Every structure is written in structure tokens, then in C-alpha cells.
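The values are calculated or read from the model by the stated rules, or taken from the named source; none is laboratory data. Every value quoted in this text rests on a predicted model; they were computed, and no experiment measured them. Backbone-built Cβ (ideal geometry, glycine too); neighbour counts: all protein chains shown.
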Amino acid sequence: MAQIRHVTDNQNNEYINMDIPGADLDFVSAKQAAKDKAFERCDHPMILSWKNGKTGESHPNYECGVEGKPFWIRYAEGRGANLTININNGEYVFMVLKI
């Protein structure tokens, strides 16, 4: 299979653990923190998928017949996610495409 585009240094896979103290951290605040961190890594980050570990909700919220990984992870990986931001040890996880 031919590679369609060249992978640059800013497109290498990265995994960032963030600790944000405070019991009142909500999804909106966590998403903003993830966006801010992603903008430190590239000029045009795009959140492809996420999981709210507090509620179990994820996006996209779809299940198919393939087992092993949750769909929200497979979805992002299939679209080139190359930055994962894990906030408070799985409380919120965002998968991002660095562009």
C-alpha cells in the first residue's frame, strides 16, 4: 500500500498524562484543558474522539462487531490520531489529530 502523505515530526504519536486537581472538574473544563495542551503541540489540533471516565460516555458512541478495543479508540486511530491526552488517570481521555 502506498503512503499518501509524508509524516512530519509534529505527527509522531504522543501520549500525555495531565493531572488537574479538584473534584469539580467537569467535561467542558477537561476538554478545554486538552485543547490548550494540544495547541502547545501543533497549530491545528482536531479532537477526533473522547471518553468521559466518570460517566462511561464516549464519542463517537457506536459499537460494531469487532472486539478488543472500544470503537471510540478504533475510530480515532483509523483517522490518524497521533496525540492522546489522558486527564486524571482516565477521568477524561481525548484522542487528537495534530495537523
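Out of Tyr92, Tyr75, report the one residue that is farther than 16 Å from Tyr15 by Cβ and either at pLDDT below 95 or surrounded by 14 or more Cβ atoms within 10 Å (Cβ to Cβ) (or both).
Tyr75
Can you name the residue in region 71-89 that is in a loop (DSSP other than H, G, I, E, B) and over 15 Å from Lys31 (Cβ atoms) and, of all such residues, is farthest from the chain's Cα centre (by Cα)?
Asn89
Can you find a residue in region 21-32 that is touching a helix residue (DSSP H, G or I) at 6+ places or on another chain (Cβ under 6 Å), at pLDDT 95 or above and of a type in the set (A, V, I, L, M)?
no
Suppose we filter region 40-62 for residues that are surrounded by fewer than 10 Cβ atoms within 10 Å (Cβ to Cβ) and charged (D, E, K, R); how many remain?
Going through region 40-62 one residue at a time, the tally reaches 2.
In region 74-99, which residues are out of contact with any strand residue (DSSP E or B) (no Cβ under 7 Å at 6 or more places or on another chain) and within 22 Å of Ile20 (Cβ to Cβ)?
Residues satisfying the conditions are Asn88, Asn89, Gly90, Glu91.
So is Gly68 over 13 Å from the mean Cα position of the chain (by Cα) and small (Gly, Ala, Ser) or not?
yes
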